[in-house]
1. Test of understanding: what is the full-extension gain from PHE137 to ARG81, defined as 0.36 nm times their sequence separation minus their Cα-Cα distance?
2. If I ignore ligands, DNA and RNA and count only protein heavy atoms, how much of ASP112 is accessible to a 1.4 Å probe, in Å² to the nearest 10?
3. Ranked from the most accessible area to the least, with a 1.4 Å probe and all protein chains present, what is the order of ILE61, ILE90?
4. Are there trypsin sites (Lys or Arg not before Pro) in the range 79-167 that DSSP marks as loop and that have at most 10 other Cβ atoms within 10 Å, and which are they?
5. Just tell me which lysines come within less than 26 Å, Cα to Cα, of LYS113; anything on the same chain fewer than 8 places away is out.
6. Between ALA144, ALA30, ALA93, where does the largest GNM mean-square fluctuation fall for the chain, given springs only between Cα atoms within less than 10 Å?
7. State the percentage of accessible surface on the range 57-167 attributable to carbon and sulfur atoms; use a 1.4 Å probe and exclude ligands, DNA and RNA.
8. What label, among (i) 1.22; (ii) 1.40; (iii) 1.08, belongs to Cα Rg over 2.2 N^0.38 Å computed from the structure on display?
Amino acid sequence: MAIRRAESESKTRKRLSPDVAFVRISRYCAYQERSHKEVRQKLFSYGLFPSEVEEAIAKLITDGFLNEERFAKAFAGGKFRMQKWGRHKITKALEMHGLSQRCIQRGLQEIDKPAYSKTLLLLLSRKMESLKESNLFKARQKAATYAIGKGYEPELVWELLRGMSEE
C-alpha cells in the first residue's frame with residue numbers, strides 16, 4: 001500500500017523548471033557540503049532532464065557551491081570527530097559518494113595522526129571497561145572487533161591493545 005502511494009506521489013509530483021531547481025539546489029548546497037552524487041540525485045528528483053542536471057552541476061561548481069575536495073575534508077573530519085570513525089570506514093563511505101582517490105586522500109589529511117591514535121586508545125579503553133568478560137583474550141578480541149568495525153586499521157588496533165595490557 002505504501003509503495004503504491006509513493007509511486008503515485010512521484011507521478012503526480014510537478015516537474016520544476018531549471019531556474020527554480022537551480023535556486024533550490026544552490027540553497028541545498030549552501031546549507032552543507034554535498035557530493036556531486038547527492039546533488040545529481042536531488043536534481044533528478046526535481047524532474048530535470050540529464051542535460052539540465054549536468055548544466056546545473058557545472059554552474060554550481062563555477063559558482064563555488066560544489067567542491068568535492070572540500071566535501072571530502074568536511075566529511076572525513078566530521079565523521080572522525082563526531083562518530084569516531086576510522087580511516088577505512090571513512091574511505092569506503094567517500095568511495096560510495098563517488099569521489100576520486102585524490103579527493104579521498106585530501107580528506108583523510110584532515111585527520112591528525114596523534115588525535116587518531118588517542119581517539120582509538122580511548123575507544124578501546126572504554127570498550128574494555130564496558131565488557132563483562134573475565135577472559136582477557138576474549139575481551140581483547142571483542143574490543144578489537146569493535147574498533148575494526150568502526151574502520152580502524154587492524155595492525156594499529158592490536159598494537160594499542162598489546163600496549164594497554166602491558167601497562
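The values are calculated or read from the model by the stated rules, or taken from the named source; none is laboratory data. On a predicted model such as this, the values are computed, not experimentally measured, just so you know. Note that each Cβ is placed from the backbone with ideal geometry, even for glycine, and that neighbours are counted across all protein chains shown. Just the protein is used for accessible areas: all its heavy atoms, side chains included, with ligands, DNA and RNA removed. Shrake-Rupley method; radii C 1.70, N 1.55, O 1.52, S 1.80 Å.
1. Numbers: separation 56, 0.36 × 56 = 20.16 nm, distance 2.93 nm.
Separation in residues times 0.36 nm, less the Cα-Cα distance, equals 17.2 nm.
2. 90
3. Order by accessible area, largest first: ILE61, ILE90.
4. LYS132
5. Qualifying lysines at Cα under 26 Å: LYS73, LYS79, LYS84, LYS89, LYS92, LYS127, LYS142, LYS150.
6. ALA30
7. Carbon and sulfur together cover 55 percent of it.
8. Label of the calculated value: (ii).
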